[in-house]
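Coordinate-derived values only; no laboratory data. The structure presented is a predicted model; accordingly, all values stated were derived computationally and were not measured. Virtual Cβ from ideal backbone geometry, glycine too; neighbours counted across all protein chains shown.
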Amino acid sequence: MWLRRYYTGRLPPVAIDDAIQEALIAVHKKRHTYDPSRPFGAWLAAIARYKWIDAARSLGAKPTEVLSDDIAVPDHEEAIVSARSLDQLLTTLKPAQSQVIRLVKLQGLSIEEASKATGQSAALVKVNIHRGLKRLTSLLRSVSDAD
């Protein structure tokens with residue numbers, strides 16, 4: 001797009017999309033001023049230039065903050081281990097049970113959506129969820145009793 005090329009050398013990358021948006025809005029608002037007997041490119045260039053000046057001014061008015069190189073990143077190890085453990089537990093179930101538990105309990109689909117996605121009736125989806133969760137509960141209890 002011509003506007004993107006126009007703003008690329010003139011504005012920082014983070015301000016380009018905003019400037020394009022502002023120019024397009026201005027084109028829309030001022031379309032009644034366009035004279036079809038004159039070149040469209042020159043009219044668009046004038047609007048783009050004014051929006052570039054506005055964007056450059058607003059960049060100078062915005063305070064900037066220097067970021068530290070020591071940005072704390074949270075440790076996701078526990079979540080990864082939990083997700084892997086859950087995945088391993090779900091593989092111990094029948095495929096139909098595992099599939100509907102993933103769809104309804106983990107991905108948040110409704111019973112009807114899971115029914116359509118799997119080809120199971122809504123009643124069978126509910127039964128498979130119930131039986132699968134009951135099986136998982138008994139597996140977890142037997143593991144904790146063994147410890």
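Please sort through the DSSP H helices of the chain and keep those with an alpha-carbon extent of at least 30 Å along the long axis and a Kyte-Doolittle average not below -1.0.
40-61, 122-146
Between A42 and L59, what length comes free when the chain is fully extended (0.36 nm per residue of separation minus the Cα-Cα distance, one decimal in nm)?
3.6 nm
Counting pairs on different chains as well as pairs 8 or more places apart, how many Lys pairs in the chain have Cα atoms under 22 Å apart?
12
When the label point is put 7 Å from the Cα of R31 along its Cα-to-beta-carbon vector, which residues of region 44-58 have a backbone N closer than 16 Å?
44
So I have [x] 44, 32, 25; [y] 80, 46, 20; [z] 39, 37, 32, and one of them is Cα extents along the principal axes in Å calculated from this model. Which one is it?
Calculated Cα extents along the principal axes in Å: the matching label is [y].
Grab the other residues whose beta carbon is less than 13 angstrom from that of A23, score K and R as +1, D and E as -1, and report the net.
Net of charged neighbours comes to +4.
Please give the FRET efficiency for A146 paired with K94, using the beta carbon to beta carbon distance and R0 = 25 Å, rounded to the nearest 0.05.
Calculated value: 0.60.
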